[in-house]
Amino acid sequence: MSSEEFEKLHEMYSSLYEEVKLMPERAQRCQGEERKRIVRDFEERVSEAEEVLQGIEQELFGIPSSFRTPMSTKIRLYRRDLAKLQREIHLSATPGFSSHIGDGRQGIYATQNDQSTHLQSQRALLIQGTESLNNASKSIERSQRIAAETDQIGTDIIEELGEQRDQLDRTRDRLIHTGENLSRSRKILRAMSRRLVTNKLLLSVIIIMELAILAGVVYLKFFRNVTCINSPWNVTIGDLV
């Protein structure tokens, strides 16, 4: 319900109520046809006020409960006030009605009105408290559901982390074995490298020795023969003969 429409209806009811609440007292001071006319006008204005209240009630269906509950309470109070005025004007239209009795009954009605207003206020507070409690219960249920889902997610994460830890442990063990294998491989490679260097040195020594022997053989075979041929002591058997 829009605030403008509500204010309009509320002003209409307030205007009608201000008009009818003075009619019982006017009816007490009048007699005969004048009193009957006032009673008829009163009934017409009360009917109009009831129609206004019905229009307000129809507009209350589409609004939130936080606003609908106090407005429903106000409408009940308005109807109770109209019923009180109807009783007063019916009593004032009764022959032999005295102002003293009317004043006493008005005091009784005022006391009952205060008590009823207090009870209606307490009832409205109780309804609001009940709605607040229901909302709090729903909020707690949602929180519990979210906590359960969070706990389940946490459990799944812990299980997944446990599986990842096992995988990391197996990977670490494989890396340790791989490191040990690499260490043994490095030792084997260093030993092979030392043996290769030793073999190269031995081969170099052998080659040098072979070259030296070959040089000695060449020297003995060629250079020594040339020396002997060129020597003056080189005499053949034919010369001696």
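The values are calculated or read from the model by the stated rules, or taken from the named source; none is laboratory data. It should be emphasised that the depicted structure is a prediction, and the values quoted were computed from it without experimental measurement. Neighbour counts run over all protein chains shown; Cβ positions are idealised from the backbone, glycine included. For accessibility, only protein heavy atoms count, side chains too; no ligands or nucleic acids. Shrake-Rupley method; radii C 1.70, N 1.55, O 1.52, S 1.80 Å.
Assorted remarks:
- Accessible area in square angstrom per residue, segment 18-88, 1.4 angstrom probe: 57 Å²
- Accessible area in the full protein assembly, largest first, 1.4 Å probe, for PHE222, PHE42: PHE222, PHE42
- Greater than 28 Å apart at Cα, pairs in LYS8/LYS84; LYS36/LYS84; LYS8/LYS138: LYS8/LYS138
- For SER193, the solvent-accessible surface with a 1.4 Å probe is about 60 Å², rounded to the nearest 10.
- The residues packed around ASP166, meaning those with a beta-carbon under 12 Å from its beta-carbon, carry a net charge of -2 if Lys and Arg are +1 and Asp and Glu are -1.
- Karplus-based coupling profile of segment 161-178, in residue order and whole Hz: 5, x, 5, 5, 5, 4, 4, 5, 5, 5, 5, 5, 4, 5, 5, 5, 5, 5, with θ = phi - 60° in 6.51 cos²θ - 1.76 cosθ + 1.60 and x standing for Gly or Pro.
- Residue order for ILE127, ILE153, ILE75, ILE158 - accessible surface, 1.4 angstrom probe, largest first: ILE158, ILE153, ILE127, ILE75
- VAL197 accessible area, 1.4 Å probe, all protein chains in place, Å² to nearest 10: 80 Å²
- Net charge of the neighbourhood of GLN152, taken over other residues with C-beta under 15 Å away and scored Lys/Arg +1, Asp/Glu -1, is -4.
- To the nearest 10, the accessible area of GLU210 is 110 Å² with a 1.4 Å probe.
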